[in-house]
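A.B. asks: Please read through the structure below; I'll follow up with questions.
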Amino acid sequence: MSMDGRTCVITGSARGIGRGIAEYLGQEGAHVVVNYRSSEGPAHEAVEAIEDAGGQAVTAQADVTDREDVEHMREVCHEAFGPADVLVNNAGITADQQFTEMTREDWDRVMDVNLGGMFNCTQEFYDDIWNAEEGRLINISSVVGKQGNFGQANYAAAKSGMFGFTRTIALELAQGGSTANCVAPGFTRTDMLESVPETVLDRIVSGIPLERLAEVEDIAAVVRFLASPESSYVTGEVIDVNGGMDL
């Protein structure tokens, strides 16, 4: 599943799952655009890791909710590597609160980043993906979008909305021979979980048939397959990577 020479843009890739995807694809030979909003240092570290492994990468600062920023990110991509072959919409935030305490600001902020950012980036890179020989759109959702989660009505609604968006864009991109798919990770070992109490993590793990959290590499490997030419007959799918939580 060679990624040699394929240009991949990964939003929100300075940290967490996004960074894992960026480094994985870069080590597989892809040209990678590492997007960040405010984490400049970690973004440059991701580029260094890719280059140390023999890959090529650049950083692109952009707030995915700002269309002008996203346009600039596309310009950075084109200047460094040419049109994108793969767009991974990974950028997302949480603003957790029990629904009775959730403010409209909490709701709008999560929708603006998780769905609005996906809209902005997909529309800006749509022509690239359409015209690519093996164009790929990959949206990173969550098991929470399928199952819900206490205190995450906004996040669950946004992540669920990605499913319908992906399937619709898959139908439209199919006319040009490109694909769109969605990956729905389960609970993944990232810095976001570092503040979660051990007792809570134990309870989460006890509900996972494989009895462990996902590692970032588990998610990145699936994204690598979907980004590769070998996935050319897979489109409009939601791929669960959750250790069996839906069984």
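The values are calculated or read from the model by the stated rules, or taken from the named source; none is laboratory data. Keep in mind the model is a prediction, meaning the values are calculated, not measured. We place every Cβ from the backbone using ideal geometry, glycine too, and count neighbours over all the protein chains shown. Each accessible area value is taken on the protein alone, full model and side chains, heavy atoms only, with ligands, DNA and RNA left out. Shrake-Rupley method; radii C 1.70, N 1.55, O 1.52, S 1.80 Å.
A.B. asks: Does ARG224 satisfy the criteria of being of a type in the set (D, E, K, R) and open to solvent by 40 Å² or more (accessible area, probe 1.4 Å)?
C.D. replies: On the way: of a type in the set (D, E, K, R): yes; open to solvent by 40 Å² or more (accessible area, probe 1.4 Å): no.
No: the conditions fail for ARG224.
A.B. asks: Name every residue in region 217-247 that is in a loop (DSSP other than H, G, I, E, B), in contact with a Lys or Arg (Cβ under 9 Å, 6 or more places away or on another chain) and more than 22 Å from SER160 (Cα to Cα), in order of residue number.
C.D. replies: Matches in region 217-247: SER228 only.
A.B. asks: Does ASP218 satisfy being out of contact with any strand residue (DSSP E or B) (no Cβ under 8 Å at 6 or more places or on another chain) and in contact (Cβ under 8 Å) with a residue 24 or more places away in the chain?
C.D. replies: no
A.B. asks: Follow-up. Does ASP202 qualify as being over 23 Å from ILE219 (Cβ atoms) and among the acidic types (Asp, Glu)?
C.D. replies: Details: over 23 Å from ILE219 (Cβ atoms): no; among the acidic types (Asp, Glu): yes.
Considered against the rule, which asks whether it is over 23 Å from ILE219 (Cβ atoms) and among the acidic types (Asp, Glu), ASP202 comes out as no.
A.B. asks: Let me ask something else. Pairs, please: C-beta under 7 Å, at least 6 apart or cross-chain, first residue in a strand (DSSP E or B) and in region 47-71, second among the hydroxyl-bearing types (Ser, Thr, Tyr) and open to solvent by less than 40 Å² (accessible area, probe 1.4 Å)?
C.D. replies: THR59/TYR36; GLN61/TYR36
A.B. asks: How many residues are open to solvent by less than 20 Å² (accessible area, probe 1.4 Å) and in a loop (DSSP other than H, G, I, E, B) if we restrict to region 185-216?
C.D. replies: 3
A.B. asks: So, one more: Out of all the residues in region 118-136, which are within 14 Å of the chain's Cα centre (by Cα) and open to solvent by 30 Å² or more (accessible area, probe 1.4 Å)?
C.D. replies: PHE119 - this is the single residue of region 118-136 that is within 14 Å of the chain's Cα centre (by Cα) and open to solvent by 30 Å² or more (accessible area, probe 1.4 Å).
A.B. asks: Oh, and also: Looking at region 39-63 only, could you name the residues that are open to solvent by 20 Å² or more (accessible area, probe 1.4 Å) and either over 20 Å from GLY82 (Cα atoms) or among the hydroxyl-bearing types (Ser, Thr, Tyr) (or both)? Don't jump to the end; show me each part of the working.
C.D. replies: Narrowing region 39-63 to residues open to solvent by 20 Å² or more (accessible area, probe 1.4 Å): 39-42, 44-45, 48-49, 51-54, 56, 58-59, 61, 63.
Selection gives SER39, GLU40, GLY41, PRO42, HIS44, GLU45, GLU48, ALA49, ASP52, ALA53, THR59, ASP63.
A.B. asks: Based on what the data block shows, is GLY92 within 23 Å of ALA57 (Cβ to Cβ), small (Gly, Ala, Ser) and in a helix (DSSP H, G or I)? Please lay out each step first, then the result.
C.D. replies: Details: within 23 Å of ALA57 (Cβ to Cβ): yes; small (Gly, Ala, Ser): yes; in a helix (DSSP H, G or I): no.
Spelling it out, it is not the case that GLY92 is within 23 Å of ALA57 (Cβ to Cβ), small (Gly, Ala, Ser) and in a helix (DSSP H, G or I).
A.B. asks: Looking at (1) open to solvent by 10 Å² or more (accessible area, probe 1.4 Å); (2) within 19 Å of ALA84 (Cβ to Cβ); (3) touching a Phe, Trp or Tyr at 6+ places or on another chain (Cβ under 7 Å), find the lone condition where CYS182 falls short.
C.D. replies: (1)
A.B. asks: Shifting gears a bit: Quick one: in region 23-38, which of the residues that are within 11 Å of THR7 (Cβ to Cβ) and assigned to a strand (DSSP E or B) is most open to solvent (accessible area, probe 1.4 Å)?
C.D. replies: Out of the qualifying residues, it is HIS31.
A.B. asks: Additional query: Please name all residue pairs, on different chains or six or more residues apart, with Cβ atoms under 7 Å, provided the first residue is in region 119-148 and is free of Cβ contacts under 8 Å to residues at least 40 places away in the same chain and under 23 Å from THR188 (Cβ atoms) and the second residue is open to solvent by 20 Å² or more (accessible area, probe 1.4 Å) and acidic (Asp, Glu).
C.D. replies: Cβ pairs passing all conditions: none.
A.B. asks: Now for a separate question. Among the residues of region 140-151, how many are outside any helix (DSSP H, G or I) and either hydrophobic (A, V, I, L, M, F, W, C) or within 16 Å of ARG203 (Cβ to Cβ) (or both)?
C.D. replies: Step one: list which residues in region 140-151 are outside any helix (DSSP H, G or I), which gives 140-143, 148-151.
Filter again for either hydrophobic (A, V, I, L, M, F, W, C) or within 16 Å of ARG203 (Cβ to Cβ) (or both), leaving 140, 143, 149-151.
Final tally of qualifying residues: 5.
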